[in-house]
Amino acid sequence: MKFAFVHCRIQPGWALAVFKDLIDEQKEVENAKVFTLFSDCKQLKTQHHTLKVVTALPKRINNIFLRCSTHKVRLLSRLFDYRNLMFFYPSLMKILSRKIKKFKPDHILISSFAIAKNITSISWIKTTLYLHSPMQYIRTHYDEYKEKLTGIKWKLFNRIVPKLRKRDLKFTKFDKVYANSKYTAKAAEELYGMKNIQIKYPRVTEKCFIPAVQEIPLEYYLYVGRLVTFVREADKIIKLCNEIKVPLIVMGSGPDEVYLKSIAGPSIIFIGWITDVDEKIKIISQAKWLINLTKESYGIGTVEALLLWVPVFGYGEWATAELVDEDCGVLVKDKKHHTLVEWFKKFMSTKRDRQMIAKRIREKWKNK
């Protein structure tokens, strides 16, 4: 069977890991390509496949964006930041749709956390949507983007959002729809009128279920995720740990890495993405807590931490509330700095039964 696999952009992160799993679940792939707006690789390697990546951006321009994301160049890196592509989403999605149509697939599988769901449908081709979340920039995280953008970017953002919202509502017809959590399924039903959505939680490595875990943690806290100030709130986490003067390990990479390193105090260590599963599990399991202030539509990092007996200091809305209760951590409703400091200190003074944390998440996992 000829497959077109569609993803918003190809860069390290939880969404990409889920996308790779979705590809490997397809057993009858004879000919396939990956279609995306922007990619940091020419081929996408999964456990069972190596697929050519086709981008909406011309190769030369894609390479400029990639170089500017890995080699920070003043002005150029700000201009060629993949987040600026949102201003060109409608045009780029038309280009990507034409490339998919030219490929003539038998089945289109879309993995969307931003714009991928908005490809032009082809009525005679079976299309499956896996929804990580509705487009965050224009909906769930709109206020945060509006607060942090300034100058010309703020003006352009304000002008493009109504157009993107209107266009986003046109793409609601798929043969089958999966959502990564109950929260996402409910949001898709309310926004798009989608019915019969199946919940398909992202896969978590079986090694996280092994009971031999660190019962007495080491003296450090942990952040895992994209190094961005938008959405992931990495800057707020670093400022929090700076003030309280606690050791923090930052696992991940992203476009704001240089800035985040510039504001980090001496107790904060950046280790990049850890691809070795055993090494990653070791680092997570030895942490005192995981800190995650994201508005999660699911939260693989949170699940992995809980399975490894690690309590979570998180944001108390959306899918995180499905995972974290009072036995497993603390959820804050307010991300203001003084609130985070106050609740973090309370969290530090409270002992957690790490075996109970693992027991609670396993109970939820069985009933998922």
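Every read-out reported here was derived from the displayed coordinates using simple, explicitly stated rules and does not represent laboratory data. The structure presented is a predicted model; accordingly, all values stated were derived computationally and were not measured. Glycine also receives a Cβ, built like all others from the backbone with ideal geometry; neighbour counts cover every protein chain displayed.
Take every pair of alpha-carbon atoms less than 8 Å apart whose residues are at least six positions apart; their mean separation over the length of region 1-56 yields a relative contact order of 39 percent.
Scanning residues 5 or more positions from Trp309 or on other chains, those with amide H under 5 Å from its amide H are Ala358, with H placed 1.01 Å from N in the peptide plane.
Taking the Cα atoms of the chain, the ratio Rg/Rh between the radius of gyration and the Kirkwood radius comes to 0.95.
Computed from Cα atoms, the angle from the helix 59-70 axis to the main principal axis of the chain rounds to 10 degrees. The residue list Pro90, Ile138, Ile23 was ranked by how far each Cα lies along the charge dipole of the chain toward its positive end, using unit charges on Cβ atoms, and Pro90 comes out on top. A Cβ-based charge dipole, computed about the Cα centre of region 206-366 with Lys and Arg at +1 and Asp and Glu at -1, lands at about 240 debye.
Under the simplified labelling scheme, the Ile244-Ile199 pair shows an inter-label distance of 3.0 nm, with each label point 7 Å from Cα along Cα→Cβ.
Quick one: go through region 66-101 and flag any residue whose amide nitrogen is under 11 Å from the point 7 Å out along the Cα-to-Cβ line of Ile122. Residues 97-101 fall inside that zone. Whole-Hz Karplus values for region 292-309 come out as 9, 9, 6, 7, 7, 7, 8, x, 4, x, 5, 4, 4, 4, 5, 5, 9, 6 Hz, taken residue by residue from phi with 6.51 cos²θ - 1.76 cosθ + 1.60 and θ = phi - 60°; glycine and proline positions read x. Sequentially through region 124-137, phi angles give Karplus couplings (6.51, -1.76, 1.60; θ = phi - 60°) of 8, 9, 5, 10, 10, 10, 10, 9, 6, 5, x, 4, 5, 4 Hz, Gly and Pro residues having no value and appearing as x. Counted over region 2-199, the DSSP beta bridges are approximately 10% antiparallel. In this structure, the pairs whose alpha-carbon distance is over 21 Å, taken from Lys207/Lys295; Lys148/Lys239; Lys245/Lys346; Lys239/Lys345, are Lys207/Lys295.
To the nearest ten degrees, helix 234-244 and the longest principal axis of the Cα atoms of the chain are 10 degrees apart. Taking a point 7 Å out from the Cα of Phe88 in the direction of its Cβ, the residues of region 30-45 whose backbone N falls within less than 15 Å of it are 36-39.
The calculated pair-distance distribution of region 81-164 uses every alpha carbon pair, bins of 5 angstrom beginning at 0, and gives 3, 13, 22, 22, 16, 11, 7, 4, 1, 0 percent. Could you check what % of the DSSP bridge pairs in region 99-248 are antiparallel, to the nearest 5? Close to 0 percent. Each 5 Å bin from zero up to the one holding the largest Cα-Cα distance in region 206-366 carries the following percent of pairs: 1, 9, 20, 24, 23, 15, 6, 1, 0. Ranking Ile125, Pro12, Val34 by Cα position along the charge dipole of the chain, where only Lys, Arg, Asp and Glu carry charges on their C-beta atoms, puts Ile125 farthest toward the positive end. The DSSP beta bridges internal to the chain are antiparallel in roughly 5% of cases. If you line up the long axis of helix 337-348 against the longest principal axis of the chain, both from Cα atoms, how many degrees apart are they, to the nearest 10? In the chain, helix 337-348 runs at an angle near 60 degrees to the longest axis.
Calculated from DSSP H runs of 4 or more alone, at -39500 (n - 2.57) each and per residue, what is the 222 nm mean residue ellipticity of the chain, nearest 500? Only helices count here, giving -11500 deg cm²/dmol. Couplings 3J(HN,Hα) for region 191-203, derived from phi with the Karplus relation 6.51 cos²θ - 1.76 cosθ + 1.60 (θ = phi - 60°), are 7, 10, x, 6, 10, 6, 7, 9, 7, 10, 5, x, 6 Hz, where x marks Gly and Pro. Magnitude of the charge dipole for the chain, about its Cα centre and with charges confined to Cβ atoms of Lys, Arg (+1) and Asp, Glu (-1), is about 1740 debye. Shown here for region 158-239: GluC sites (Glu not before Pro) in loop regions (DSSP other than H, G, I, E, B) with at most 14 other Cβ atoms within 10 Å, namely Glu215, Glu219.
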